[in-house]
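The values are calculated or read from the model by the stated rules, or taken from the named source; none is laboratory data. The structure displayed is predicted, hence computed values, not measured ones. Neighbour counts run over all protein chains shown; Cβ positions are idealised from the backbone, glycine included.
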Amino acid sequence: MSSAFGALNAQAFLKVALSRQVPWLALLMCLVAWPAITHAGQSDQVEVQRSLWADPTGEARFEDVMQQPFQPAPAILSRGYKAGATWMKVIVPPSAEASLWVTVQPLYLDEIQLYSRRREADGRWGDWSMRRTGDRFPFHSRELPTLNYSMTLDTSSTESTVFYVRLTSTSTHALYVTVRTQNSALEFEGRTLLWLGVYLGVVLVLIWMSTLRLIITRDLLWALNLAFQIGTLILTLFYLGIVAKYLMPDAPQGVDAWMSTVVCGHLFVGLIYYTVFVKHFGAPRWAVVLYACCTLAFPVQLMWIWHGQEQARLAVSLNSNLLLLSTVLGSVVAFVFKIQDQRLRWMIRTLYWTQTLYLMFFVLPLLGVTPMTVWHLYPALLINLLASISQHLVLTRRDQLDIEAKRRLQSEVAATQLTLRAKQEQLAASASFLSMLLHELKNPLASIRIAVLNLLRQTPPHTPEQLKRFDHIQAAVEGMDKVLDRCRQVDKFESGGWSVKLAEFDAVAIVVEMIALHTDGRRVKLTAPPSLPVRLDEQGFQIVIANLLDNALGYSPAGSTVSLELQANVQEEAPGRRLQLRICNKVGKAGAPDPKRLFEKYYRAEGAHQRTGSGLGLYLVKSLVELRGGTISHTVSPQHDGGDLVIFEVCLPCD
């Protein structure tokens, strides 16, 4: 009762969660998007001129770089995964502020060098100096303790200020350099923290909901989904500088290698999740294998990341290619999922299509088709959030369908149990009626038999005609008695009342006794050893022998010989001894039976209706033989004299 109550509570929870969580998730998504959109539209930056020069070798000296022809650059720059260095020249117009802040994004760049000049006390410009920052350096070494890479810049109120930014990174060469006043920069830092707080709040809500689902369902997909959500949380903490500032501020090499490891590890968990996901929803085997093969790249990526900077760039680039491949693969596989529910089918397709469109949104700027935006600086954040919410909704819908299917199954089981109970009661009533009927029929048969015996004892002696009629009466009574016995035996067998009681006895002695009891047993020719000890159900064995003898003697020509062979041997394909019984008789007036229907219940050959019978004998024989794990076969063999020989062979384990 307690387990059933717990299951009902779990189902009720899932149903309520499904009905209430969708609008809340949508609201949370809006809350996440709002600060970022507001942030992107702020116009509190100092208007500057930006220009670009690429150093493919990464070895150019600063003195030589200043002489290079810089080309105009957009506000947000992206050059993809490139070796070497990217240089940006920034010209700041005259400013009333004596000092401004230079802010560089995104927060996962390896090394940023800022070349600028300080103003001396007399107002003149000093020599060029270089300052470094990035996730390859400890956080405590930063000039300003902010999440964003920020450094101060001396300016002039009468002339423009020029500074240079040099970027080297194993990740994509995305660069967003802004110049702000101190108050504006601090406000920007606050908006970043607000956006980060809301984003992490959504992720934590998803983690909490996935944890509850895992506790309730104990399902592998929910476990992997939870692992993916936790990976998203860890990736976000690295992505936005929380780990560098609060958890690893004194790391001598910064958080660069750990950041690359988390990025690749997060995709690795996602690929495992989607491998199980597509297999669960009936994707073709080739799709499951492709997803599984993609996971094999993770050990190689780890080796590259911790081996050196150049290899780390290959690992991160491979990670992006695997992400693109798996997303495109999912968009194709979504069309071949074996899903009956239309809503779930379209939810999964929307999940994959959204991811594909999102990737296109980020690839197009790299191709120069569309401009870069703030969203392009942190591509993994939004796609991870969208994927997490979509996966949560898909699995929730699947759970809802499972609950509905279980309820239907429980209803069907309950209905089936009621039907079965009614059938059992009906069978019990039928069995009771049949038992009463058989008993009532036995009594008049016994009276007829006694009456015939009394008549035979009367004097004077009876005429041959009278004796012949008495014999017919006795034969009819015996036939009816056998029919009633078989009906009783079949009823007992089918109602489950038949119990197998194994015992050791001499099979030859039982067969000899059964032959002697039969009124026509003198026609049987027995071929058997003097003694044959076996371990069988003695009552069942007697019934098998009696029915086979009665069938052979009753449907063979009068006066013909019925041969019965009995032996035990060991077969190679089955362990232990096997009792082999073979009984043969010629086909009589009734003709040969239909071999396809021979062992059917109530079946009798067309010519057999002149003889009293029930059509239950061979059906009962086959049932008892198979109950013991044996076999019975029937063949008809043509003879030289033009007749046919009917052969029954029984094989029974007898150890």
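Residue by residue, here is whether (1) assigned to a helix (DSSP H, G or I); (2) at pLDDT 90 or above holds:
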{"site": "Leu186", "(1), (2)": "yes, no"}
{"site": "Gly197", "(1), (2)": "yes, no"}
{"site": "Leu206", "(1), (2)": "yes, no"}
{"site": "Trp222", "(1), (2)": "yes, yes"}
{"site": "Ala227", "(1), (2)": "yes, yes"}
{"site": "Ile234", "(1), (2)": "yes, yes"}
{"site": "Pro252", "(1), (2)": "no, no"}
{"site": "Val288", "(1), (2)": "yes, yes"}
{"site": "Pro299", "(1), (2)": "yes, yes"}
Determine whether Leu175 is closer than 20 Å to Leu377 by Cα and hydrophobic (A, V, I, L, M, F, W, C). yes
Region 90-124, subset touching a strand residue (DSSP E or B) at 6+ places or on another chain (Cβ under 7 Å) and basic (Lys, Arg), residue farthest from Met66 (Cα to Cα): Arg119
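Scan region 167-177 and tell me whether some residue there is polar (S, T, N, Q) and at pLDDT 90 or above. Show your work before the answer.
Step one: list which residues in region 167-177 are polar (S, T, N, Q), which gives 168-172.
Add one more test, that the residue is at pLDDT 90 or above, and what stays is none.
Within region 167-177, none of the residues are polar (S, T, N, Q) and at pLDDT 90 or above.
Please verify whether Tyr358 is in the same structural domain as Val394 (by TED's automatic domain parsing), at negative phi, modelled with pLDDT under 85 and aromatic (Phe, Trp, Tyr), treating the condition exactly as stated. If you could, list the steps in order and put the result at the bottom.
Details: in the same structural domain as Val394 (by TED's automatic domain parsing): yes; at negative phi: yes; modelled with pLDDT under 85: yes; aromatic (Phe, Trp, Tyr): yes.
The answer is yes for Tyr358.
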Just wondering, is there one or more residues in region 218-226 that are surrounded by fewer than 22 Cβ atoms within 10 Å (Cβ to Cβ), among the acidic types (Asp, Glu) and outside the structural domain of Phe337 (by TED's automatic domain parsing)? no
With the structure loaded, tell me whether Gly270 is assigned to a loop (DSSP other than H, G, I, E, B), among the small types (Gly, Ala, Ser) and more than 24 Å from Thr168 (Cα to Cα) or whether it fails that test. no
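Across region 96-145, which residue is modelled with the lowest pLDDT among those that are among the small types (Gly, Ala, Ser) and within 24 Å of Ser78 (Cα to Cα)?
Taking region 96-145 first, the residues among the small types (Gly, Ala, Ser) are 96, 98-99, 116, 121, 123, 126, 129, 134, 141.
Now restrict to residues that are within 24 Å of Ser78 (Cα to Cα): 116, 134.
Details: Ser116: 94, Gly134: 87.
In this case the residue turns out to be Gly134.
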If the Cβ limit is 6 Å and pairs must be 6+ apart or interchain, which residue in region 128-147 that is in the same structural domain as Val104 (by TED's automatic domain parsing) pairs with which residue that is surrounded by 15 or more Cβ atoms within 10 Å (Cβ to Cβ) and of a type in the set (Lys, Arg)? Trp128/Arg117; Thr133/Arg142; Phe139/Lys245
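Can Leu214 be described as surrounded by fewer than 21 Cβ atoms within 10 Å (Cβ to Cβ), not assigned by TED's automatic domain parsing to the domain that holds Tyr108 and not in a loop (DSSP other than H, G, I, E, B)?
Numbers: surrounded by fewer than 21 Cβ atoms within 10 Å (Cβ to Cβ): yes; not assigned by TED's automatic domain parsing to the domain that holds Tyr108: yes; not in a loop (DSSP other than H, G, I, E, B): yes.
In short, yes.
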Somewhere in region 25-40, is a residue touching a Lys or Arg at 6+ places or on another chain (Cβ under 6 Å) and modelled with pLDDT of 80 or more? no
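Taking Leu318 as the residue in question, decide whether it is crowded, with 17+ Cβ neighbours inside 10 Å and under 32 Å from the mean Cα position of the chain (by Cα).
Working: crowded, with 17+ Cβ neighbours inside 10 Å: yes; under 32 Å from the mean Cα position of the chain (by Cα): yes.
Yes: the conditions hold for Leu318.
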Among the numbered conditions (1) touching a strand residue (DSSP E or B) at 6+ places or on another chain (Cβ under 9 Å); (2) more than 18 Å from Asp135 (Cα to Cα); (3) crowded, with 16+ Cβ neighbours inside 10 Å, tell me where Glu187 comes up short. (3)
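Looking for whichever is among the hydrophobic types (A, V, I, L, M, F, W, C), over 26 Å from Val316 (Cβ atoms), modelled with pLDDT of 50 or more and loosely packed, with under 14 Cβ neighbours inside 10 Å here; the options are Phe13, Phe62. Which one fits? Write out each step before concluding.
Working: Phe13 fails: modelled with pLDDT of 50 or more.
Just a single option satisfies the conditions, and that option is Phe62.
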Counting only residues that are closer than 25 Å to Lys501 by Cα, over 53 Å from the mean Cα position of the chain (by Cα) and among the small types (Gly, Ala, Ser), which one in region 529-586 is surrounded by the most Cβ atoms within 10 Å (Cβ to Cβ)? Ala546
When every residue in region 160-174 that is in contact with a helix residue (DSSP H, G or I) (Cβ under 9 Å, 6 or more places away or on another chain) and more than 17 Å from Ala60 (Cβ to Cβ) is compared, the one surrounded by the fewest Cβ atoms within 10 Å (Cβ to Cβ) is Ser171
Those residues that are modelled with pLDDT under 85 and part of a helix (DSSP H, G or I), I need them from region 304-320; list them, please. Gln309, Glu310, Gln311, Ala312, Arg313, Leu314, Val316, Ser317, Ser320
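Could you check, for region 375-392, whether at least one of its residues is part of a loop (DSSP other than H, G, I, E, B), surrounded by 12 or more Cβ atoms within 10 Å (Cβ to Cβ) and modelled with pLDDT of 85 or more? If you could, list the steps in order and put the result at the bottom.
Narrowing region 375-392 to residues part of a loop (DSSP other than H, G, I, E, B): 378.
Right, trim to surrounded by 12 or more Cβ atoms within 10 Å (Cβ to Cβ) and you get 378.
Imposing the further condition that a residue be modelled with pLDDT of 85 or more reduces the set to none.
Scanning region 375-392 turns up no residue that is part of a loop (DSSP other than H, G, I, E, B), surrounded by 12 or more Cβ atoms within 10 Å (Cβ to Cβ) and modelled with pLDDT of 85 or more.
Regarding region 592-609, can at least one residue be identified that is closer than 18 Å to Leu652 by Cα, part of a loop (DSSP other than H, G, I, E, B), modelled with pLDDT under 85 and of a type in the set (Phe, Trp, Tyr)?
First, the residues of region 592-609 that are closer than 18 Å to Leu652 by Cα: 599.
The next check asks that each one be part of a loop (DSSP other than H, G, I, E, B); those that pass are 599.
Those still in the list that are modelled with pLDDT under 85 too: 599.
Cutting the leftovers down to of a type in the set (Phe, Trp, Tyr) gives us 599.
Checking region 592-609: at least one residue is closer than 18 Å to Leu652 by Cα, part of a loop (DSSP other than H, G, I, E, B), modelled with pLDDT under 85 and of a type in the set (Phe, Trp, Tyr).
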Of the residues that make up region 548-556, is at least one touching a residue at least 60 places away in the same chain (Cβ under 8 Å) and over 24 Å from Asp644 (Cα atoms)? no
Which pairs turn up if I take residues in region 156-182 that are not assigned by TED's automatic domain parsing to the domain that holds Tyr378 and among the aromatic types (Phe, Trp, Tyr) and look for partners that are at pLDDT 90 or above and outside any strand (DSSP E or B) with beta carbon separation below 9 Å, at least 6 apart in sequence or on another chain? Tyr164/Phe62; Tyr164/Val65; Tyr164/Met66
